[in-house]
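Accompanying notes for the structure given below.
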Amino acid sequence: MAEETTRNIGIMAHIDAGKTTTTERILYYTGKNHRIGEVDNGNATMDWMEQEQDRGITIVSAATTCFWHDHQINIIDTPGHVDFTAEVERSLRVLDGAVGVFCAVGGVEPQSETVWHQADRYSVPRIAYINKMDRIGANFYNVLEDIKTRLGATPVPLQIPMGEESSYCGNIDLITMEELRWDSMSDGSVITRSPIKDEWLAKAEEWKEKLLDELGVYSDEIMELYLEGKEVPIELLKSVIRENTINQSIVPIFVGSSLKNKGVQPVLDGVIDFLPAPEELEPVKAHSVKKDEDILIERSAKGDLAGLVFKIQQDKDAGALCFIRIYSGVLKSGTAVYNVNKKKKERIGRILRMSANSSEQISSVGAGDIAVVVGMKFAQTGDTITTEGNQILLEQMEFPEPVISVA
Ligand code: GDP
């Protein structure tokens with residue numbers, strides 16, 4: 001698969017905000033979307049939920065691959081606990097964008113603040129999903145304020161909810177100016193788009209104006225069209241949103257209720273539309289051991305191999321699974337690689353791609369993607385994998401100065 005169709009993302013959330021439920025919905029819809037030719041037999045909710053429980057979709061892998069509209073999305077597990085700060089930071093190091101999940105009742109909670117600021121330090125572009133709109137006390141607009149005041153971010157709603165709590169029934173898409181509704185009797189796969197009804201029109205127009213006003217700050221073209229009262233083309237809106245999400249000026253906002261199967265697919269569209277593909281990013285910083293100087297590595301499959309081991313996971317059948325983010329070059333099974341940290345050569349055996357319910361054996365993995373190598377002997381998290389002679393380190397662990405509290 002071509003590089004530009006890949007997204008490496010994390011899902012960041014405070015415990016209980018709905019990260020697991022949202023991830024499960026993502027894996028369900030992408031799985032359903034990907035199994036081309038599968039007949040949708042239109043079963044009602046209960047049947048489908050039972051089926052799902054049987055399959056037991058849960059994200060247990062440090063990186064899970066799914067596909068959405070011809071794009072490969074690698075979801076990298078991002079711990080929600082701040083206790084594992086080094087682990088959070090390492091996962092932030094290997095992802096290129098993130099979805100922040102917030103609870104519409106709780107808003108921005110302390111742990112979300114910590115992880116959000118860590119992501120700021122790693123310059124991770126983000127979109128946000130305000131979940132649990134169906135819960136008592138849900139308030140979309142309060143969470144927007146929270147994102148502004150507590151996170152210091154610029155939230156830009158691309159959707160607003162229609163109703164809240166038990167009357168939450170769908171979203172208004174402010175880009176296309178349509179109502180999005182999900183049939184509550186089905187699994188939420190089918191989205192109905194329809195013209196905005198009178199009841200919601202004034203609110204939709206108010207928020208569309210806010211959107212254009214906000215984006216006008218970043219684009220003279222939008223500002224001019226807006227001031228002249230002319231239609232702003234959807235493609236122009238999207239490209240300005242994309243550019244300013246990637247440079248982290250803004251955070252596009254989505255809304256829904258994962259539990260009620262509403263609002264998740266637009267988040268996936270948002271991942272593709274607004275978060276960067278690996279090769280769009282700046283070259284990767286590394287350290288040349290031979291020259292003892294910092295260097296930049298182009299993110300290209302044509303370059304020398306450079307990969308970072310970011311997690312080792314034990315699998316009861318396969319043994320040690322070594323998760324490697326490939327920044328440059330191609331990692332091929334059956335070839336020898338060099339572990340710069342351990343100063344050891346090692347042979348690459350099986351390479352796997354992990355999906356929600358299965359793993360698939362593949363022969364190679366290129367720049368921008370994630371490899372799972374089975375049975376590496378020496379690799380540990382933080383190690384750089386390359387070719388012999390290419391003595392570079394992708395990660396230099398820096399331990400912060402201990403904080404001494406003064407009474
Ligand atoms: P995590 O800790 O962030 O992974 O959160 P979970 O996905 O495990 O969700 C925590 C709790 O909130 C569970 O009981 C979920 O069923 C519930 N939950 C998740 N999403 C929603 C939602 O959209 N609406 C409501 N009412 N509950 C939700």
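The values are calculated or read from the model by the stated rules, or taken from the named source; none is laboratory data. Please read these numbers as outputs of a predicted model, since none were measured by experiment. Counting neighbours? That spans all protein chains shown, and the Cβs are built from the backbone with ideal geometry, glycine included. Side chains are part of the model used for accessible areas, which takes the heavy atoms of the whole protein and leaves out ligands, DNA and RNA. Shrake-Rupley method; radii C 1.70, N 1.55, O 1.52, S 1.80 Å.
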Which ones in region 226-256 are open to solvent by less than 40 Å² (accessible area, probe 1.4 Å) and without any contact (Cβ under 8 Å) to a residue 24 or more places away in the chain? Val232, Leu236
Quick count over region 259-282, residues being open to solvent by 10 Å² or more (accessible area, probe 1.4 Å) and more than 16 Å from the ligand (Cβ to nearest atom), is 7
By residue number, the members of region 192-214 that are within 30 Å of Lys32 (Cα to Cα) and open to solvent by 60 Å² or more (accessible area, probe 1.4 Å) are Thr192, Arg193, Pro195
Which members of region 112-141 meet the condition of being more than 10 Å from the ligand (Cβ to nearest atom), surrounded by fewer than 16 Cβ atoms within 10 Å (Cβ to Cβ) and modelled with pLDDT of 95 or more? Gly137, Tyr141
Condition first: open to solvent by 10 Å² or more (accessible area, probe 1.4 Å) and of a type in the set (S, T, N, Q). Now tell me which residues in region 297-344 satisfy that. Ser300, Gln313, Gln314, Ser333, Thr335, Asn341
Quick check on region 25-42. Is at least one of its residues at pLDDT 90 or above and more than 16 Å from the ligand (Cβ to nearest atom)? yes
Collect the residues in region 347-373 that are buried (at least 19 other Cβ atoms within 10 Å of the Cβ) and touching a Cys at 6+ places or on another chain (Cβ under 9 Å), keeping them in residue-number order. Ala356, Ala371, Val372, Val373
